[in-house]
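Data first, discussion second: the structure below is written as structure tokens.
The values are calculated or read from the model by the stated rules, or taken from the named source; none is laboratory data. As the structure is a prediction and not an experimental result, all values here were calculated from the model. Note that each Cβ is placed from the backbone with ideal geometry, even for glycine, and that neighbours are counted across all protein chains shown.
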Amino acid sequence: MQEAAFAALGLEGWTYQRLPVPEHLFAETVRALGGAGFLGANVTIPHKEAALAVATDATATARAIGAANTLTFADGRIEADNTDAPALIEALPGLPRTALVLGAGGSARAAAFALREAGVAVRVHSRTRERAERLAADLGVQATSEPGEADLLVNCTSVGLADPDRSPIEDVRAPVVVDLVYADRETALIRRAKAIGATTVDGLEILVGQGALSLTLWTGRPAPLDAMRAAVRAS
């Protein structure tokens, strides 16, 4: 996706590569990237909270969320931002009155923050009650022990990532469903949502949105969304 964007923008010599990093080496690796010639990095599960912690500078949004998915390296600094939050809002067909966020990690923090800032009443449900309560306290939303109904359901767990046939929830009770998980086929959650007639937004659309915002931070150029979306869908 990002290399398709580089090509569309005529940015010759730019490359984008995957760097699997174990948690215990995350901070050490990130601190070395700028000196190794990297201009930026996207950060995914499970490193988003650690990405904020290792940064020397951070946007107000990233600090409020407590997690970062985008790092920019410049003049020895590590600048942290969070493009998950605006990408989610941009992808929605409209703003709901209520939302249920599944999960309590970095993506869930971004989703809860973005929706709360937009005036949505947000509930958070996680298998780990303590993490949900901590997120709720940090962001001023509500933790819930039972999923229940909502106008919008956002899956921010990793369930479905390794096995798209697994769903994080058995009973879909929302007219709009967003699944941040992206896979080589439709996830079980998206299939269940479609079966009840819900409007769905899949993880690939969120992936494109957050990646486009990251690209603009690194290059200062508007992202070629059509080229990025086509590359993602083709793969």
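Quick one: is Arg166 part of a helix (DSSP H, G or I) and surrounded by fewer than 21 Cβ atoms within 10 Å (Cβ to Cβ)? I'd like the intermediate steps shown before the answer.
Working: part of a helix (DSSP H, G or I): no; surrounded by fewer than 21 Cβ atoms within 10 Å (Cβ to Cβ): yes.
Taking the combined requirement at face value, the residue does not satisfy it.
Restricting to the range 22-52, count the residues that are at pLDDT 95 or above, under 21 Å from Leu213 (Cα atoms) and assigned to a helix (DSSP H, G or I).
Matching residues across the range 22-52 total 5.
The rows are residues; the columns are (1) surrounded by fewer than 20 Cβ atoms within 10 Å (Cβ to Cβ); (2) touching a residue at least 40 places away in the same chain (Cβ under 8 Å).
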position: Leu153; (1), (2): no, yes
position: Ser158; (1), (2): yes, yes
position: Arg173; (1), (2): yes, no
position: Ile190; (1), (2): no, no
position: Ile196; (1), (2): yes, no
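Find the residue count for the range 105-134, including only residues that are touching a residue at least 40 places away in the same chain (Cβ under 8 Å) and either among the polar types (S, T, N, Q) or crowded, with 24+ Cβ neighbours inside 10 Å (or both). Don't jump to the end; show me each part of the working.
Of the range 105-134, the ones touching a residue at least 40 places away in the same chain (Cβ under 8 Å) are 105-111, 113.
Still in the running and either among the polar types (S, T, N, Q) or crowded, with 24+ Cβ neighbours inside 10 Å (or both): 106-111, 113.
Total meeting the criteria: 7.
Assigned to a helix (DSSP H, G or I) and at pLDDT 95 or above, is that true of Arg116?
So Arg116 passes the test.
Exactly one condition in (1) part of a loop (DSSP other than H, G, I, E, B); (2) in contact (Cβ under 8 Å) with a residue 12 or more places away in the chain; (3) of a type in the set (A, V, I, L, M); (4) exposed (fewer than 15 other Cβ atoms within 10 Å of the Cβ) is not met by Leu11; state its number.
(4)
Can you name the residue in the range 53-88 that is within 11 Å of the chain's Cα centre (by Cα), within 18 Å of Ala212 (Cα to Cα) and in contact (Cβ under 8 Å) with a residue 40 or more places away in the chain and, of all such residues, is surrounded by the fewest Cβ atoms within 10 Å (Cβ to Cβ)?
We begin by selecting, within the range 53-88, every residue within 11 Å of the chain's Cα centre (by Cα); these are 67-70, 82-88.
Next, from what is left, pick out any that are within 18 Å of Ala212 (Cα to Cα): 68-70, 82-88.
Those still in the list that are in contact (Cβ under 8 Å) with a residue 40 or more places away in the chain too: 69-70, 83-84, 86-88.
Details: Asn69: 29, Thr70: 25, Thr83: 25, Asp84: 32, Pro86: 17, Ala87: 24, Leu88: 27.
This residue is Pro86.
Please determine whether any residue of the range 162-169 is among the basic types (Lys, Arg), more than 16 Å from the chain's Cα centre (by Cα), assigned by TED's automatic domain parsing to the domain that holds Tyr16 and more than 29 Å from Arg97 (Cβ to Cβ).
Start the filter on the range 162-169 by keeping residues that are among the basic types (Lys, Arg), which leaves 166.
Then drop every residue that is not more than 16 Å from the chain's Cα centre (by Cα), which leaves 166.
Retained after the next criterion (residues that are assigned by TED's automatic domain parsing to the domain that holds Tyr16): none.
No, every residue in the range 162-169 fails to be among the basic types (Lys, Arg), more than 16 Å from the chain's Cα centre (by Cα), assigned by TED's automatic domain parsing to the domain that holds Tyr16 and more than 29 Å from Arg97 (Cβ to Cβ).
Can you find, within the range 176-235, the residue that is nearest to Asp84 (Cα to Cα) among those that are among the small types (Gly, Ala, Ser) and not in a helix (DSSP H, G or I)?
If we filter the range 176-235 for residues that are among the small types (Gly, Ala, Ser), which is where we start, we get 183, 188, 193, 195, 197-198, 203, 209, 211-212, 214, 220, 223, 227, 230-231, 234-235.
Among the residues that remain, those that are also not in a helix (DSSP H, G or I) are: 183, 197-198, 220, 223, 235.
Values: Ala183: 18, Gly197: 26, Ala198: 22, Gly220: 18, Ala223: 16, Ser235: 21 Å.
Selected residue: Ala223.
In this structure, is Ala230 surrounded by fewer than 16 Cβ atoms within 10 Å (Cβ to Cβ), free of Cβ contacts under 8 Å to residues at least 12 places away in the same chain and hydrophobic (A, V, I, L, M, F, W, C)?
Values: surrounded by fewer than 16 Cβ atoms within 10 Å (Cβ to Cβ): yes; free of Cβ contacts under 8 Å to residues at least 12 places away in the same chain: no; hydrophobic (A, V, I, L, M, F, W, C): yes.
So Ala230 fails the test.
Just checking, does the range 141-150 include any residue being of a type in the set (S, T, N, Q) and either under 24 Å from Ala62 (Cβ atoms) or touching an Asp or Glu at 6+ places or on another chain (Cβ under 8 Å) (or both)?
In the first step, residues of the range 141-150 are kept if they are of a type in the set (S, T, N, Q); the result is 142, 144-145.
With either under 24 Å from Ala62 (Cβ atoms) or touching an Asp or Glu at 6+ places or on another chain (Cβ under 8 Å) (or both) added as a condition, the list becomes 142.
Yes, the range 141-150 contains a residue that is of a type in the set (S, T, N, Q) and either under 24 Å from Ala62 (Cβ atoms) or touching an Asp or Glu at 6+ places or on another chain (Cβ under 8 Å) (or both).
Could you check Leu213 against (1) modelled with pLDDT under 95; (2) under 30 Å from Ala74 (Cα atoms); (3) in contact with a Pro (Cβ under 7 Å, 6 or more places away or on another chain) and say which number it fails?
(1)
Just give me the residues in the range 198-216 being among the hydrophobic types (A, V, I, L, M, F, W, C) and either surrounded by 24 or more Cβ atoms within 10 Å (Cβ to Cβ) or touching a helix residue (DSSP H, G or I) at 6+ places or on another chain (Cβ under 7 Å) (or both), in sequence order.
Initially, the range 198-216 is screened for residues among the hydrophobic types (A, V, I, L, M, F, W, C), giving 198, 201, 204, 206-208, 212-213, 215.
If the condition is that a residue be among the hydrophobic types (A, V, I, L, M, F, W, C) and either surrounded by 24 or more Cβ atoms within 10 Å (Cβ to Cβ) or touching a helix residue (DSSP H, G or I) at 6+ places or on another chain (Cβ under 7 Å) (or both), then Val201, Leu204, Ile206, Leu207, Val208, Ala212, Leu213, Leu215 are the ones that fit.
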